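One structure is given below, encoded as C-alpha cells.
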Amino acid sequence: MPVRIEWRHGAEGEGALLAVEESTETVVKAWPANPELLTDFLNEMVEIKALEREDSARSESIPGSWGELVIARSEDGEVLDVDPQLYWEGIAELFRSHGTDPHLWRSRH
C-alpha cells in the first residue's frame, strides 16, 4: 500500500502528520505535528517510518478538519507538494520562534 506523509496545519496552530494511502486518499495513521516528529519528517523520516509500522492505525478520509496541506512527501522522501507560505509560517511558529531550526533540532536535543 503506497502512502505519502503529509504535514497539515490547523487553524489554531495545531497540526498533524498524516500517513495517507494514495489509492484511496484515506488517512491510515495520524500523529501530532510536534517539533521532534516534524524535524524527522523534514529530514530523514526514520521515526515516521517506524511509527507507520505500529499497529495503532486510524483510518478515515481526509476532511478539512485536518487543516491545510503544508507539505507532502512520498515514502522515499520525495517532495510531492508544498505550500511555501504555510511551510515558512509553520517553521517560524514551531521552531524559529523558540530559537531553534528543524535542521539543527536533533543535534541540540
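The values are calculated or read from the model by the stated rules, or taken from the named source; none is laboratory data. Keep in mind it's a predicted model, so treat the numbers as computed, not measured.
Meeting the requirement of 1 or more residues that are modelled with pLDDT under 75, the helices (runs of 4 or more DSSP H) wholly within the stretch 26-109 are 46-52, 105-108.
Residues that are of a type in the set (Asp, Glu) and not in a strand (DSSP E or B) within the stretch 1-25 comprise GLU12, GLU14, GLU22, GLU25, listed in sequence order.
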